[in-house]
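The values are calculated or read from the model by the stated rules, or taken from the named source; none is laboratory data. Remember, predicted model here, so these are calculated numbers, not experimental data. Side chains are part of the model used for accessible areas, which takes the heavy atoms of the whole protein and leaves out ligands, DNA and RNA. Shrake-Rupley method; radii C 1.70, N 1.55, O 1.52, S 1.80 Å.
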Amino acid sequence: MKILFYITSLLLITLSSDLQAQTKTKNMEHQYDIAMNYLYGENGYLKSNMLAASYFEKSANQGYVSAQNN
């Protein structure tokens, strides 16, 4: 059971790290995905409306229409 938890934790950390690294490329779609993760507290992200708003704004400022509606 501990091994399964450890593997799952590593996978979530890896997914979170990958998404965060992609924001450095200023990819508006990935910034939107990160915003959604923060908004709902999914995929290893703690729920944070403030961080979600920040990533929505970054994505919207680059012209991503879905982010402009949030």
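Please compute the per residue accessible area over region 27-70 with all protein chains in place, 1.4 Å probe, rounded to a whole number of Å².
61 Å²
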Checklist line | Per-residue HN-Hα couplings for region 53-70 [Karplus 6.51, -1.76, 1.60; θ = phi - 60°; Hz; x = Gly/Pro] | finding: 4, 4, 6, 4, 5, 4, 5, 5, 5, 8, x, 6, 4, 4, 6, 6, 8, 9
Next item on the list: Give the long-range amide H neighbours of Asn27: residues separated by 5 or more places, or on another chain, with amide H under 5 Å away, using H modelled in the peptide plane at 1.01 Å from N.
Entry: none
